[in-house]
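Asker: My questions all concern the structure below.
FYI, it's all coordinate maths here, none of it is from the lab. The model shown is predicted, which means the values in this text are computed figures rather than measured ones. Positions of Cβ are generated from backbone atoms using ideal geometry, with glycine treated the same way; all protein chains shown enter the neighbour counts.
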Amino acid sequence: MTIEEQIEMTLDKIRPFIQRDGGDVIFDSFENGIVYVQMIGACEGCSLIYETLSSGIAVILKEEVPGVIDVLPVSEKPNK
């Protein structure tokens, strides 16, 4: 199983909790240990988005997927 597949599977476990509040998370990419996601629905523009990412999604992904060191919104992805 690829690391991307592991990330998707883990996000699928988390997703119902985010959807319960009217939002959702979409996996964008995995680069250099960083998972980039897009937050949509009620999460888009929410003042708690960084709290959700750092204290929720990032903690779970780091525990379940070897090699993940952080989770950031796709808006912070470096331009190539």
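Asker: Round to a whole angstrom and tell me the spacing of the C-alpha centers of segment 1-18 and segment 27-75.
Answerer: Here the answer is 11 Å between Cα centres.
Asker: Can you give the relative contact order of the chain as a percent, counting alpha carbon pairs under 8 Å and 6+ residues apart?
Answerer: Details: 98 pairs, mean separation 24.7, N = 80.
The normalised contact order for the chain reaches 31 percent.
Asker: Can you give the FRET efficiency for residue 5 and residue 26, using 1/(1 + (r/R0)^6), R0 = 22 Å, r = Cβ-Cβ distance, to the nearest 0.05?
Answerer: Numbers: r = 15 Å, r/R0 = 0.70.
My answer for the efficiency is 0.90.
Asker: For the pair residue 46/residue 17, report the inter-label distance in nm, with labels modelled 7 Å from Cα in the Cβ direction.
Answerer: 1.2
Asker: Using the Cα atoms of segment 15-80, I'd like the radius of gyration and the largest Cα-Cα distance, Dmax, both in angstrom.
Answerer: When restricted to Cα atoms, segment 15-80 yields Rg and Dmax of 11.4, 35 Å.
Asker: Take every DSSP beta bridge with both residues inside the chain and express the antiparallel ones as a percent of the total, to the nearest 5.
Answerer: Working: 8 of 12 bridges.
So the antiparallel bridges in the chain amount to around 65 percent.
Asker: Next question, about the same structure. Tell me which GluC sites (Glu not before Pro) from segment 34-64 have a DSSP coil assignment and no more than 13 other beta carbons within 10 Å of their own.
Answerer: Working: sites: 44, 51, 63, 64; in loops: 44.
Qualifying residues, ordered by number: 44.
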